[in-house]
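Laboratory data are not the source of any read-out in this text; all were calculated from the coordinates shown. What you see is a predicted model, and the numbers here were worked out from it, not measured in a lab. FYI the Cβ positions are ideal-geometry reconstructions off the backbone, even for glycines, and counts take in every protein chain you see.
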Amino acid sequence: MMQRGLIILALLLPGVVMADAPIAIAIHGGAGTIERGQMTEEREQAIRDALERAVREGHGILVEGGSSMDAVTAAVQVLEDAPEFNAGRGAVLTNTGTVEMDASIMDGATLDAGAVAGVRGIRSPIHAARKVMHKSPHVMLVRDGAEEFARDHGLEFKDDDWFITDFRLQQLRDIQARESDEGQASTQLSEDWFSTVGAVAVDADGNLAAATSTGGMSNKRWGRVGDSPIIGAGTYADNRSCAVSATGHGEFFIRHVVAYDICARMSHAGLSLAESANTVVNQVLVEAGGDGGVIAVDAQGNVAMPFNTAGMYRAAIRTDGSVEISIYRDDD
Ligand code: ASP
């Protein structure tokens with residue numbers, strides 16, 4: 001009787017989602033050599049707080065009956081604005097000290113997708129990617145062309161001062177000093193961690209979405225583009241399988257088409273979300289030498305967050321409403 005009353009209430013109030021609808025969201029803020037005792041307590045708390053704000057922002061949209069596309073966009077925007085992560089404000093610097101950002105988004109219901117690469121000054125590159133998807137016939141725009149498009153569509157721009165943090169300046173100096181000591185080429189890409197951000201979600205209609213945003217890799221050669229804006233590599237969503245957002249050494253994720261491969265193994269080989277994500281991250285990438293991890297969700301609301309590094313900044317709110325905010329491997 002009670003249950004019937006709830007169903008009627010839900011039908012009368014559009015936007016109210018039944019508690020048993022399989023909504024779920026997962027987010028990441030990068031994977032890498034993240035071990036206990038490495039960072040100050042203040043920094044760790046700021047990271048946990050930002051992860052919680054982002055996952056709750058996205059989940060709030062899903063609870064109100066909003067779409068997974070809106071949920072992943074909102075969650076990623078919170079992380080872009082948080083200076084602790086390598087996206088938007090706080091993005092890493094290129095070898096010439098500039099900020100060049102990449103982002104992409106994909107709608108699992110339609111397979112529509114949008115992406116921007118190498119953009120400068122756009123406060124929220126994920127919004128630019130979404131505009132490319134909705135307001136252009138294209139999937140990806142790059143550099144000046146993408147910036148002009150974003151300006152034409154009213155997106156907010158910020159000066160370098162807003163993006164560049166002391167932490168990233170010091171990180172670049174350290175990497176470049178290490179390189180000159182070791183006599184390595186300045187195009188060397190190795191990094192101790194990758195703090196790209198991303199979100200995946202399933203909404204009450206069973207629609208999946210994925211979004212990823214990044215400054216790329218610290219000391220990358222200017223003009224370099226990684227996996228994050230590449231549909232199939234750093235981002236993929238298809239209602240028939242899953243939604244994936246990746247973080248890690250982009251060149252490996254591009255070569256192994258990681259996000260698409262996880263979805264394809266579910267569709268073609270009948271693997272579960274957990275088996276598929278785990279195989280690609282802990283076998284395929286490990287054998288290739290590619291460090292990183294992914295977050296993934298399927299239409300039933302299952303969540304997988306495997307990584308092959310020491311840690312991954314991650315958070316999820318699962319179908320039962322339980323909240324997870326984790327950094328280290330043994331947080332689980
Ligand atoms: N995957 C990103 C890139 O290669 C880096 C990251 O995940 O932090 O550009």
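Our note on the geometry: Cα centres of the range 205-248 and the range 58-88, 15 Å apart. Toward the positive end of the charge dipole of the chain, with +1 on the Cβ of Lys and Arg and -1 on the Cβ of Asp and Glu, the farthest Cα among V142, A87, L271 is that of V142. Helix content alone sets the calculated 222 nm mean residue ellipticity of the chain: runs of n ≥ 4 DSSP H residues at -39500 (n - 2.57) each, divided across all residues, give -11000 deg cm²/dmol.
Going through the range 237-276, which trypsin sites (Lys or Arg not before Pro) have at most 13 other Cβ atoms within 10 Å and a DSSP loop state?
Values: sites: R240, R255, R265; in loops: R240.
Counting only loop positions with at most 13 other Cβ atoms within 10 Å, the trypsin sites (Lys or Arg not before Pro) in the range 237-276 are R240.
If you model the range 99-253 as an ellipsoid using its alpha carbon gyration tensor, with each semi-axis the square root of five times an eigenvalue, the axes come out at 29, 19, 12 Å, biggest first.
The listed peptides 43-49, 277-283, ordered by packing as a protection proxy, come out as 277-283, 43-49 (highest mean of other Cβ atoms within 10 Å first). Placing +1 on each Lys and Arg Cβ and -1 on each Asp and Glu Cβ, with no other charges, gives the chain a dipole about its Cα centre of roughly 560 debye. When the range 189-232 is described by a simple charge dipole with +1 on each Lys and Arg Cβ and -1 on each Asp and Glu Cβ, the residue from S213, V225, V202 located farthest towards its positive end is V225.
If you take the C-alpha gyration tensor of the range 290-331, multiply each eigenvalue by 5 and take the square root, what semi-axes do you get, largest first, in whole Å? Don't jump to the answer; show the numbers that get you there.
On the way: eigenvalues 78, 35, 6 Å².
Output for the range 290-331: semi-axes of 20, 13, 6 Å.
Across the alpha-carbon atoms of the chain, the computed radius of gyration and Dmax are 19.0, 74 angstrom.
Across the options G97, A26, Q300, the greatest Cα extent toward the positive end of the charge dipole of the chain (unit charges at beta carbon of Lys, Arg, Asp, Glu) belongs to Q300.
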